[in-house]
1. Wholly within the range 40-112, which helices (runs of 4 or more DSSP H) include no fewer than the required count, namely at least 1 residues that are modelled with pLDDT of 95 or more?
2. Just one of (1) assigned to a loop (DSSP other than H, G, I, E, B); (2) over 30 Å from E119 (Cβ atoms); (3) at pLDDT 65 or above trips up K22, so point out which.
3. Which of the residues belonging to the range 85-95 are free of Cβ contacts under 8 Å to residues at least 24 places away in the same chain, out of contact with any Gly (no Cβ under 6 Å at 6 or more places or on another chain) and either within 16 Å of L29 (Cβ to Cβ) or loosely packed, with under 12 Cβ neighbours inside 10 Å (or both)?
Amino acid sequence: MSQQTIEPGSVPEWDVADRMRKTLRTANLGVQEMADYLDVSRNTGLTDHCALHDDLPMPLPELLGTTEAAKRIDVDKATLTRWVASGRVVAATKLPKKNGAYLFTRDEVERIAAEVAAERAAEGVTA
């Protein structure tokens, strides 16, 4: 959290910088990637305002975008998106904006890939 002393039993106050750092860690993105996505210069104050750094100290889970996840599962992106909407697949998060990509954990992608492979094997279908 941003430079605050937390007393035992108190509730910390999360600011924009805290939320942005968590978003970047969750999405496994660096500051420049986020600035590119938002179509802003890294020097617009994004770094200063959010106190972001490329060298995040904690290990980050590997997240896969919709395209990569669909390739690994061997289905079309539209199919994967429908499965998210129906609840068959759980996305870790969704990037902002209306058409932002879903992000998936490696474990979820491996789980659904195994499920799809088993279904295809049971039906006698080869990829």
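1. Here the list reads 66-73, 77-86.
2. (1)
3. A85, S86, G87, A91
Each row is one residue, and each column tells you yes or no for (1) free of Cβ contacts under 8 Å to residues at least 24 places away in the same chain; (2) more than 17 Å from the chain's Cα centre (by Cα); (3) surrounded by fewer than 12 Cβ atoms within 10 Å (Cβ to Cβ); (4) more than 19 Å from K22 (Cα to Cα).
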position: G65; (1), (2), (3), (4): no, no, no, no
position: A70; (1), (2), (3), (4): yes, no, no, yes
position: D76; (1), (2), (3), (4): yes, yes, yes, yes
position: V109; (1), (2), (3), (4): no, no, no, yes
position: V116; (1), (2), (3), (4): no, yes, no, yes
position: A121; (1), (2), (3), (4): yes, yes, yes, yes
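The values are calculated or read from the model by the stated rules, or taken from the named source; none is laboratory data. As the structure is a computational prediction, the values presented were derived from the model and not from experiment. As a convention, Cβ positions derive from the backbone with ideal geometry for all residues, glycine included, and neighbour counts pool all protein chains shown.
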